[in-house]
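Engineer: Handing you this structure, nothing more for now.
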Amino acid sequence: MDLNHLIEKCKKGDRKAQQLVYNLFKDKLYALCLKYCKNKDEAQDNLQDSFISIFQKINTYSGKGSFEGWLKRITINKAIDRYKREPYLEPIDYHQVAQDDTTIDDKDLGIDLNQMLLFIQELPDRYRLVFNMYELDNYSHREISQILEVSEGTSKSNLHRAKVILKQKITAFMATQKNSIANGY
């Protein structure tokens, strides 16, 4: 069954078609949720909330553009909405953030993807959202500022601070790894 046919059946409330759409996209959307959420439980909640919203809004999908892109946009917006309700997105004066170097040496790039995901999930909410939106999902600072209702300077500041924290975490992790190897663990 082709995707357009499935979408049309979902628009008519067909539960089997909804299950098929869920099965087709759940893994990709869950991976997306993991980027935006603090942990697996929160990611699972966001995934469920996203699919509820997807099936409630499926009649608004016009067929223009990628269906997967439409699903991803809803999923990202659900994660962002969760944090907008919380007082996590307080502005930070851009000039208060130290202008540390945030580049990582090539030798540090051997870090496991799952470990990197854990480091990203450990970021404070405001930093994690901006980091993911800018670095992983290619939003501009202007778009981020509009979506999160913060200034562009705050978006830039939060991105910079996220990179500083990630660099510190990666550097500490790599040092621990080197010590473990040196000590024969």
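The values are calculated or read from the model by the stated rules, or taken from the named source; none is laboratory data. Predicted model only: the values in this text are computed from it and were never measured. Note that we place each Cβ from the backbone using ideal geometry, even for glycine, and neighbour counts take in every protein chain shown.
Engineer: Just give me the residues in the range 145-160 being without any contact (Cβ under 8 Å) to a residue 40 or more places away in the chain and within 18 Å of R85 (Cβ to Cβ), in sequence order. It would help to see each step written out before you state the result.
Structural biologist: Residues of the range 145-160 that are without any contact (Cβ under 8 Å) to a residue 40 or more places away in the chain, as a first pass: 145-146, 152, 155, 159.
Within the range 145-160, Q146 is the sole residue that qualifies.
Engineer: Collect the residues in the range 60-76 that are in contact (Cβ under 8 Å) with a residue 12 or more places away in the chain and surrounded by 11 or more Cβ atoms within 10 Å (Cβ to Cβ), keeping them in residue-number order. First the steps, then the outcome.
Structural biologist: Initial filter on the range 60-76 (in contact (Cβ under 8 Å) with a residue 12 or more places away in the chain): 61, 63, 67-68, 71-72, 74-76.
Y61, F67, E68, L71, K72, I74, T75, I76 - these are the residues of the range 60-76 that are in contact (Cβ under 8 Å) with a residue 12 or more places away in the chain and surrounded by 11 or more Cβ atoms within 10 Å (Cβ to Cβ).
Engineer: Among the residues of the range 128-152, which ones are among the hydroxyl-bearing types (S, T, Y), at pLDDT below 95 and assigned to a helix (DSSP H, G or I)?
Structural biologist: The answer is S145, and nothing else.
Engineer: Taking the condition of being more than 17 Å from L24 (Cβ to Cβ) and not small (G, A, S), how many residues in the range 53-65 meet it?
Structural biologist: So the count comes out to 5.
Engineer: Is it true that N39 is of a type outside the set (F, W, Y) and free of Cβ contacts under 8 Å to residues at least 60 places away in the same chain? Full working, then the answer.
Structural biologist: Details: of a type outside the set (F, W, Y): yes; free of Cβ contacts under 8 Å to residues at least 60 places away in the same chain: no.
So N39 fails the test.
Engineer: Among (1) surrounded by 20 or more Cβ atoms within 10 Å (Cβ to Cβ); (2) within 27 Å of R128 (Cβ to Cβ), there is one condition Y30 misses while meeting the rest; what is its number?
Structural biologist: For Y30, the failing item is (1).
Engineer: For the range 37-57, indicate whether the set of residues that are of a type in the set (D, E), outside any helix (DSSP H, G or I) and either at pLDDT below 95 or in the same structural domain as L118 (by TED's automatic domain parsing) (or both) is non-empty.
Structural biologist: Taking the range 37-57 and keeping what is of a type in the set (D, E), we get 41-42, 45, 49.
So of that shortlist, the ones also outside any helix (DSSP H, G or I) come out as none.
No.
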